[in-house]
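Q: Please see the structure below; I have some questions.
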Amino acid sequence: IGFGNDMTSIDLSNNVNLIQVRLQTNNLAALDLTGLNSLTSLDAFSNGLSLITLPNSSSLETVNINNNNLSALDVSNNSGLLNLSVTGNILPTSELDNLVNTLDSFGTSDGTLNIAGNSGALSSASLTNYTNMEGRNWTIDIPPATAGATITIETTSTLSSWTPNLITNSGATLRWEV
């Protein structure tokens, strides 16, 4: 539909039979695909999108919305989704975990999930679902979260309380100065 045309808005609501939408490299801030239930593929990368509404459809298989300004993404109505690329957005940890958990709930195999380069990282809240997806041959471009470790610090100080002046972390080594 539009590649590099500097479009700032588009109304696709009267085009309900679209199968593919390609709107990459424009200046779209929002994209509403409600009602496009025949849509199988969406390319809307490099637009500056801060809001996107995907269709309520199991037909949607591929979504490439890399390099936008998305802080939220709902794919709960897209059970056919097999290729999702959202790298280079501002999705926080909770949204990334939700994407993994939702995609896993569909039970599909042989998919690709690209979520690197967002504001957040995966947490232990998605670890089981991540492992499930790997077992069904999904490719995910970032590693899963690891189970948290507990660090106990003991001191021989006679002070009733103390605050470290400097804490640095280098891999498995934690150093502090009092």
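The values are calculated or read from the model by the stated rules, or taken from the named source; none is laboratory data. Predicted model, so just to flag it, every value in this text is computed and none were measured. Virtual Cβ from ideal backbone geometry, glycine too; neighbours counted across all protein chains shown. Keep in mind that these areas ignore ligands, DNA and RNA; they rest on the heavy atoms of the full protein, side chains included. Shrake-Rupley method; radii C 1.70, N 1.55, O 1.52, S 1.80 Å.
Q: Please go through the range 46-66 and pick out each residue that is of a type in the set (Gly, Ala, Ser), open to solvent by 40 Å² or more (accessible area, probe 1.4 Å) and more than 16 Å from Gly80 (Cα to Cα).
A: Restricting attention to the range 46-66, the residues satisfying the condition of being of a type in the set (Gly, Ala, Ser) are 46, 48, 50, 57-59.
Checking which are open to solvent by 40 Å² or more (accessible area, probe 1.4 Å) leaves us with 46, 50, 58-59.
Selection gives Ser46, Ser50.
Q: Here's something else I'd like to know. Which condition number does Asn26 fail, the rest of (1) assigned to a loop (DSSP other than H, G, I, E, B); (2) open to solvent by 10 Å² or more (accessible area, probe 1.4 Å); (3) polar (S, T, N, Q) being met?
A: With (1) assigned to a loop (DSSP other than H, G, I, E, B); (2) open to solvent by 10 Å² or more (accessible area, probe 1.4 Å); (3) polar (S, T, N, Q) applied to Asn26, the lone miss is (2).
Q: Now a separate question. Here are some residues: Asp97, Asp74, Asp110. Which one is open to solvent by less than 30 Å² (accessible area, probe 1.4 Å), at pLDDT 95 or above and acidic (Asp, Glu)?
A: Just one listed residue meets the conditions, Asp97.
Q: Got a number for residues in the range 11-23 being surrounded by 15 or more Cβ atoms within 10 Å (Cβ to Cβ) and under 24 Å from the mean Cα position of the chain (by Cα)?
A: Residues flagged as surrounded by 15 or more Cβ atoms within 10 Å (Cβ to Cβ) and under 24 Å from the mean Cα position of the chain (by Cα) within the range 11-23 amount to 2.
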